[in-house]
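The values are calculated or read from the model by the stated rules, or taken from the named source; none is laboratory data. What you see is a predicted model, and the numbers here were worked out from it, not measured in a lab. Backbone-built Cβ (ideal geometry, glycine too); neighbour counts: all protein chains shown. Surface accessibility is based on the protein's heavy atoms, side chains included, excluding ligands, DNA and RNA. Shrake-Rupley method; radii C 1.70, N 1.55, O 1.52, S 1.80 Å.
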Amino acid sequence: MSYIHYAQGLAGVYSMFLDRLAEDLESNGIEVLFEREKARSPMIVRYGEEGGEIAVRLSGPDLEVSFRDRSSIPGEVTFLALLVAETVTDIDDEMRAVLDAGDEEGEGLPTGVDIGVEIEDTFRELQAVRDEIDLLRIKGEDVGRPERRVDRAEKLYREASTALKKGEPLVARAKAQAMQVMVEKAEASLGEIGGEKI
């Protein structure tokens, strides 16, 4: 399986996108190598016997992310290909939420917004999704996709809490909004369990 994904308007966060992509893939057990020292794209990725190449290029204001599967039989979609596609789209959504929150920076925070409360409310929602994942795992369901998204949301929770402690409420709010996006995507993934998985 080969594909191209356009992360629209994210050219300005090229390095951050690459860092997050490599970090998230490695946290899911994917080996990430680089073809040349100091060149972070293309990335050579491996998972067991599966392998492929991810290239991230600037394309005007967008990022063009391409994946070429080096291991699959024609017409077969590998676990690696599915995981790369999921990770790329999740990071795209996360970065967009952070940038959208940054666009509001000049306006300051809306009156009456308590970022700490917002972060903790989303974290409670995250915990409820985590509980549902645990129940489905006990029933023998494959909960890999929602669990990866909850893990990403928990990481954003830690980043948001740290930013708040450092006195950076706008950064904290951006991370909180990205966390909310990941929690919503985890909930949507739970809805796919038992039905057709894409």
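Report yes if residue 195 is open to solvent by 30 Å² or more (accessible area, probe 1.4 Å), modelled with pLDDT under 90 and over 17 Å from the mean Cα position of the chain (by Cα), otherwise no. Don't jump to the end; show me each part of the working.
Details: open to solvent by 30 Å² or more (accessible area, probe 1.4 Å): yes; modelled with pLDDT under 90: yes; over 17 Å from the mean Cα position of the chain (by Cα): yes.
Answer is yes for this residue.
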State which residue is farthest from residue 16 (Cα to Cα) when the search covers only segment 93-110 and only residues that are at pLDDT below 70 and in a helix (DSSP H, G or I).
107
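If you scan segment 111-144, which residues turn out to be farther than 18 Å from residue 173 by Cβ, open to solvent by 50 Å² or more (accessible area, probe 1.4 Å) and in a helix (DSSP H, G or I)?
Scanning segment 111-144 gives 127, 128, 131, 132, 134, 135, 137, 138.
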Name the residues in segment 80-96 that are surrounded by 19 or more Cβ atoms within 10 Å (Cβ to Cβ) and polar (S, T, N, Q), would you?
87
Taking segment 145-185 and keeping residues open to solvent by 60 Å² or more (accessible area, probe 1.4 Å) and in contact with a helix residue (DSSP H, G or I) (Cβ under 7 Å, 6 or more places away or on another chain) leaves 164, 171
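Right, residue 156: in a helix (DSSP H, G or I) and in contact with an Asp or Glu (Cβ under 8 Å, 6 or more places away or on another chain) or not?
The answer is yes for residue 156.
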